[in-house]
Amino acid sequence: MLDQPSINSALLQWWDRGHAALPWRENRDPYRVWVAEIMLQQTQISTVIPYYERWLDRFPTVAALAEGSLDDVLKLWQGLGYYARARNMHQAAREIMDQYNGKLPSTVKELMGLKGIGRYTAGAIASIAFERQAPILDGNIVRVLSRLVDLDQDVTLSRTKNQLWHLAETLVPANRPGEFNEALMELGQRLCLPAKPNCQICPFSSLCKAKERGTLLERPVRPPRKNTPHFHVAAGVIWQGSQSGPNAPFLIAQRPLDGLLGGLWEFPGGKLEDGESLPEALHREIQEELAMEIEVGKPLIRIKHAYTHFRITLHAFHAIHIDGEPQHLGVADHAWVTLKELDQYAFAVTDLKIINALKEEMMGRLS
């Protein structure tokens, strides 16, 4: 049986001796806590900090975010990844304005009713911003708790997750619940590391069952990783006329809002199918998505990129528009733009690399 008072006391004393100074800890305003928690999902702290600061400069309140356009939101989020987070925040801000007079609700149940806020984020906001006795459970906390109790069950299974949620709930104190939750997260980030846990200075060193039994590196238990699928993708810089250059227009398309990287702009194209060449794949995709005829030209750049569950090699080609006005069959919108106009649009990392290659090629022509 866990010694809850000893765990609470040890963790909060460790926190009080010197936790990390982070910009979102300077002000416990619920909106700021929400922004930080969403940005920190699956993203390193060092990456988040400049995005967080720029975001608050542009959208300092819920009202400012709700009034902003989705294009502005995605442009500000550009490069942070997992773009559904930004789309959901934008929609949730409008829900907060309509349903809660511009103020985030304080209960886990109400928070979970907002777009993009799940149990973890709701618990974090409720405990940190409103001092509610609400548990949280993220990857770091799963590791800490699994080691603390030496849990020998697969943490990816629903029943095991429920056990961990219950454990987190029994541990979070009525007094200082937000700081306790933050301390638990920080412990996983700084000391209870996956491969090299720093047990010598861990506040749970004398309480940890996995340390006592020598099973630290076996916890948490997860199934073997599956092979990550790989796809070849063709994309086109489709010039409006036969001439390409710094001032010549080319086509970009907006991805559907409900799909991967939804709402971002891209150089259109798609996945290679069996038996196709890359130029054939690009020609087919442009017909299917935009009802256009193109002539595929020379390669521009090849890019390798890894997403959460798959990897791609993106092959970008120059192409010329031959016939057909763009139709929105598989895209949300389109625009004919020049290189100078691209800063107005939000692109994913792979497309930003295409843009850089295009700029370098144009510079090479001028030199």
- Amide H neighbours of Arg132 under 5 Å, counting only residues 5+ apart in sequence or on other chains, H built in-plane at 1.01 Å? Ser127
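Run the helix sum for the chain: -39,500 (n - 2.57) per DSSP H stretch of 4+ residues, divided by residue count, reported at 222 nm to the nearest 500 deg cm²/dmol. Write out the running numbers ahead of the final one.
Details: 14 runs with 160 residues, N = 367.
Helix contribution divided over all residues of the chain: -13500 deg cm²/dmol.
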- Message: Between Ser106, Ser146, Ser69, where does the largest GNM mean-square fluctuation fall for the chain, given springs only between Cα atoms within less than 10 Å?
- Response: Ser69
- What pairs from Lys115/Lys353; Lys115/Lys226; Lys271/Lys340; Lys75/Lys340; Lys103/Lys161; Lys298/Lys353 go past 21 Å between their alpha carbons? Lys115/Lys353; Lys115/Lys226; Lys271/Lys340; Lys103/Lys161
- Note on the structure: Expected vector for the stretch 38-45, Karplus 3J(HN,Hα) from phi with 6.51, -1.76, 1.60 and θ = phi - 60°, integer Hz, x for Gly and Pro, equals 5, 5, 7, 5, 6, 9, 5, 4
- Query: Which of these, Trp336, Trp265, Trp34, has the largest mean-square fluctuation under a Gaussian network model of the chain (Cα springs below 10 Å)?
  - Reply: Trp336
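Compute the whole-percent fraction of alpha carbon pairs in the stretch 230-366 spaced more than 23 Å apart. Don't jump to the answer; show the numbers that get you there.
Numbers: 2451 of 9316 pairs.
Tail of the P(r) past 23 Å holds 26 percent of the pairs.
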- Note on the structure: Taking N as the residue count of the chain, its alpha carbon Rg divided by 2.2 N^0.38 Å gives 1.18
- Query: In whole Å, how far is the Cα centre of the stretch 208-243 from that of the stretch 24-83?
  - Reply: 25 Å
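Give the whole-number value, in cubic angstrom per residue, of the convex hull volume spanned by the C-alpha atoms of the stretch 4-218. Intermediate values should be presented prior to the final figure.
Details: hull volume 25.7 nm³, N = 215.
Cα convex hull per residue, to the nearest whole number: 119 Å³.
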- Message: Under 5 Å between amide hydrogens, which residues at least 5 positions from Phe317 or on another chain qualify, with H placed 1.01 Å from N in the peptide plane?
- Response: Ala235, Gly236, Val237, Leu300
- Non-local residues with an amide H under 5 Å from the amide H of Ile294, with H modelled 1.01 Å from N and Pro and chain starts lacking one, are Ile322
- Query: Once you mark the trypsin sites (Lys or Arg not before Pro) that are in a DSSP loop and have at most 14 other Cβ atoms within 10 Å, what is the longest gap between them in the chain?
  - Reply: 227-367
- Binning at 5 Å from 0, report for the stretch 107-207 what percent of all alpha-carbon pair distances ends up in each bin. 2, 13, 22, 23, 21, 12, 5, 2, 0
- Item | Rounded to whole Hz, the Karplus (6.51, -1.76, 1.60) HN-Hα couplings of the stretch 200-212, x for glycine and proline | 4, 10, 7, x, 9, 3, 8, 10, 7, 5, 5, 5, 4
- Calculated from backbone phi, Karplus (6.51, -1.76, 1.60) coupling profile of the stretch 280-292 in Hz, x at Gly/Pro: 5, 5, 5, 4, 5, 4, 5, 5, 6, 8, 10, 6, 10
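Where a number appears in this text, it was derived from the coordinates with a stated rule and is not lab data. Keep in mind that this is a model prediction, so the values were computed, not measured. Here Cβ is always computed from backbone atoms with ideal geometry, including for glycine, and neighbour counts include all displayed protein chains.
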